[in-house]
Structure formats: C-alpha cells, structure tokens
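Working notes, structure below.
The values are calculated or read from the model by the stated rules, or taken from the named source; none is laboratory data. Being a predicted model, the structure only gives us computed values, none of them experimental. We place every Cβ from the backbone using ideal geometry, glycine too, and count neighbours over all the protein chains shown. These area figures cover heavy atoms from the full protein model, side chains too; ligands, DNA and RNA do not enter into them. Shrake-Rupley method; radii C 1.70, N 1.55, O 1.52, S 1.80 Å.
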Amino acid sequence: MKHLIDQLYKDSNLSKEDFLKILQCSNKEDISYLTKKANERREESYDKKVFLRGLIEFTNYCKCHCRYCGIRSENKKADRYRLTEDEILQCCHKGYVLGYRTFVLQGGEDSYYTISKLVKIVSRIKRELPDCAITLSIGELSYDNYKDLYDAGADRYLLRHETASKELYEQIHPYMSYENRRRCLKDLKKIGFQVGAGFMVGLPNQKDEDLVEDLMFLKELNPHMIGIGPFIPHDDTPLRHEAGGTVEKTVILLSIIRLLLPKVLLPATTALGSLHPTGRELGLKAGANVVMPNLSPISVREKYALYNGKICTGDEAAECRKCIQKRIESIGFNLDLSRGDYINWRRLQCL
Ligand code: SAH
C-alpha cells in the first residue's frame with residue numbers, strides 16, 4: 001500500500017485498480033501514511049495556510065427535486081426564505097469587517113433571482129467591496145447567463161458534479177440531466193471562472209468503483225476547487241432512511257484528491273464538521289485548505305437545512321469566525337484572510 005501511495009505522490013495519478021485498492025484500505029498505519037503524504041503535498045503549495053470564505057445562503061427556494069436535499073421543491077415542510085439585495089450586501093459588509101475577502105453566494109435554483117437581479121447584486125458587491133472575490137453557487141444556467149455573471153464581476157463558481165456515475169446521478173436527480181451538469185462545468189471553465197466541482201460520499205447505491213470514477217472525472221476536468229462531503233440523510237426527503245457517508249471515507253478521499261490535484265483549493269466542509277465534532281480539523285490535517293464559515297443572518301440559518309444536524313445554525317457570524325480561528329490554530333495551522341485565489345490566477349479581461 002505504501003508503494004501505491006508513493007506512486008500517487010510522485011505521479012499525481014494512478015490506475016483505476018490502484019485507486020480502488022487505496023479506497024478499500026482499512027489498515028490504520030497505511031491510512032495515516034496517506035494522510036501524512038497529503039499533508040506534505042498541501043504544505044508545498046500552501047504551507048500552513050487555511051483560507052476562509054464567508055458563506056451567504058441567500059435563498060432556500062428551489063425548483064429542483066434532488067432526492068437527498070432538504071430544500072428540494074417537494075419538501076413542503078421547508079420554511080422558505082429569500083434575502084433581499086440589501087440583506088445580502090449587509091452580510092458582505094459584516095463579513096468584510098470580520099476580515100473576509102471572499103463571499104460565497106449559495107442558494108437553491110430560485111428563478112425569483114433573475115439574471116438581471118443577480119447581475120445587479122454581483123456588481124454592487126464589487127462596487128462597494130472591490131478587493132473581494134465573489135463565488136456563486138446557484139446551480140445550472142445557460143452559457144450566456146454564466147457569462148453575464150462573469151462580466152458583472154463574479155470570480156468563481158461552485159457546481160458539484162455530485163457523482164460521476166450517470167446511473168447513480170439519474171437515480172437521485174429526477175428531471176435533471178447528467179450531460180447538462182457536465183456542460184455547465186465546461187462552460188464555466190471556458191468563460192474564465194475559477195471552477196469548483198465535487199461529489200458526495202456515501203450516497204445510496206454508491207460503490208467504491210463509482211468514487212474511483214469521481215476521481216478520474218476530477219483529474220480530467222482539473223477544477224480549481226473541489227467540494228466533497230459525506231451524504232447526510234435529511235428527514236423530509238425520500239432518502240431519509242439511508243445510511244449516509246462516513247467521516248473516515250471522506251477524509252481518505254480528501255487525501256487522495258490532494259495528491260491527485262496538488263494545488264486544488266479543497267474545503268473541509270460543513271457536512272464533515274456536522275458528522276464529527278472535529279470533522280473539519282480532520283479534513284484540514286488530511287490535505288484540505290479552505291473553510292467556509294456561515295455569514296447568513298441567524299434568523300435564516302436553520303432554514304437552509306440541506307441535511308440533518310447541520311452545525312453552526314445558532315452562532316452569530318462573529319462567533320463563527322472566532323470559533324473557526326481557534327479550531328484552525330489548535331491544530332497548528334494559520335488563518336489566511338486574503339482572497340485566496342487559485343495559485344497564479346489571472347482573471348481574463350471581460351470581452
Ligand atoms: N443549488 C446549488 C447549491 C446546492 S447546495 C447547486 O445546485 O449547485 C450545495 C451542495 O450541498 C450540493 O451540491 C450537495 O452536494 C450538498 N448537499 C445537498 N444535500 C445534501 C445532503 N443531504 N448531505 C450532504 N450534502 C448535501
């Protein structure tokens with residue numbers, strides 16, 4: 001096993017069979033070797049730095065039917081909300097005072113926010129806080145809509161591919177198209193966004209072979225950011241009785257991803273922190289280098305419930321910021337409050 005890990009470290013790639021062997025490894029010593037190598041690899045590019053992104057969950061209305069997600073349109077129990085343009089701006093300004101220089105605007109697929117509304121919001125943030133990066137995470141749109149958002153000043157876009165298995169993708173995404181999701185990721189790259197893909201670990205019927213396909217897909221796409229987290233069932237979804245993913249497997253995958261794409265921006269996600277009291281710290285020690293504390297107003301935090309047991313729903317932005325700093329420093333890492341772009345990133349000029 002050590003020899004496979006060394007090979008992955010050296011080549012930043014492996015065959016499908018060898019990835020499978022690492023994924024199925026249960027030997028503690030080998031796993032800690034993997035973690036150690038991933039940690040070394042992260043330090044080469046990022047030292048002990050952990051980038052912070054302020055997450056603003058601005059709407060939980062969603063027209064999609066994703067079977068795992070607590071804000072899916074069929075969930076009549078979800079208490080829906082939308083933040084106004086002014087409220088979103090207030091979150092950004094509050095975050096700015098706390099040191100954040102990247103804001104992630106995430107939401108369900110909510111057609112209330114037309115492209116012209118979104119363009120207005122993005123340009124206003126850019127005008128009022130010109131030294132900040134804006135990341136959007138609002139699902140599937142057309143090439144032209146993505147381009148308008150980029151031209152308005154958005155820098156990055158997160159759109160997890162969710163799973164690279166077409167069969168599994170179709171099982172959990174009624175009325176959606178696997179091909180369209182991939183089209184979106186390609187368009188986003190072409191336009192010039194820093195792009196984030198990613199997947200869930202422990203989906204029902206997901207085999208280790210499917211996770212290997214996720215790794216192959218990521219290697220080929222070569223995104224700037226990768227968000228992965230355990231699938232956690234939500235009580236008001238059709239997948240409520242499923243088992244969900246584990247911390248252990250997610251952490252192994254984070255290490256493999258760090259070795260596969262050495263410079264990628266890799267968050268230790270909230271889902272990981274929700275499954276284990278120090279889940280995010282485990283993720284950072286295994287190769288992750290980004291954390292996304294919540295900046296949404298307290299009044300809406302609980303309503304953006306994608307899964308059961310989400311952490312930090314009761315904490316003020318300032319508390320979250322302090323708590324995360326303490327956690328990061330407790331494991332010997334340093335907070336980095338710069339924009340945290342992908343290494344050597346240059347934005348293409350708007351055409
Ligand atoms: N509408 C946006 C944002 C989706 S929410 C989009 O389509 O990209 C952000 C991510 O949360 C999703 O991409 C999904 O991977 C994750 N997520 C949703 N439900 C989840 C659950 N039950 N367990 C773990 N992660 C979940």
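Quick notes
- Pairs, first touching a residue at least 40 places away in the same chain (Cβ under 8 Å) and closer than 18 Å to VAL195 by Cα in the stretch 330-350, second among the small types (Gly, Ala, Ser) and in a loop (DSSP other than H, G, I, E, B), C-beta under 7 Å, six or more apart: ARG347/GLY192; LEU348/GLY192
- All helices (runs of 4 or more DSSP H) inside the stretch 208-279 with 3 or more residues being hydroxyl-bearing (Ser, Thr, Tyr) and open to solvent by 10 Å² or more (accessible area, probe 1.4 Å): none
- Residue in the stretch 57-67 that is over 22 Å from the mean Cα position of the chain (by Cα), assigned to a loop (DSSP other than H, G, I, E, B) and either touching a residue at least 24 places away in the same chain (Cβ under 8 Å) or within 16 Å of the ligand (Cβ to nearest atom) (or both) present: no
- Of all positions in the stretch 171-184, none carries a residue that is aliphatic (A, V, I, L, M), in contact (Cβ under 8 Å) with a residue 12 or more places away in the chain and touching a Ser or Thr at 6+ places or on another chain (Cβ under 6 Å).
- Every listed requirement among (1) within 16 Å of the ligand (Cβ to nearest atom); (2) open to solvent by less than 30 Å² (accessible area, probe 1.4 Å) is met by THR102 save one, (1).
- Inter-residue pairs, beta-carbon under 6 Å, first without any contact (Cβ under 8 Å) to a residue 40 or more places away in the chain and in the stretch 199-216, second outside any loop (DSSP other than H, G, I, E, B) and open to solvent by 10 Å² or more (accessible area, probe 1.4 Å), 6+ apart: PHE199/GLU162
- Some residue of the stretch 32-52 being surrounded by 14 or more Cβ atoms within 10 Å (Cβ to Cβ), within 16 Å of the ligand (Cβ to nearest atom), within 19 Å of the chain's Cα centre (by Cα) and of a type outside the set (A, V, I, L, M, F, W, C): no
- Every residue from the stretch 138-167 that is charged (D, E, K, R) and either modelled with pLDDT under 95 or closer than 9 Å to CYS184 by Cβ (or both): GLU140
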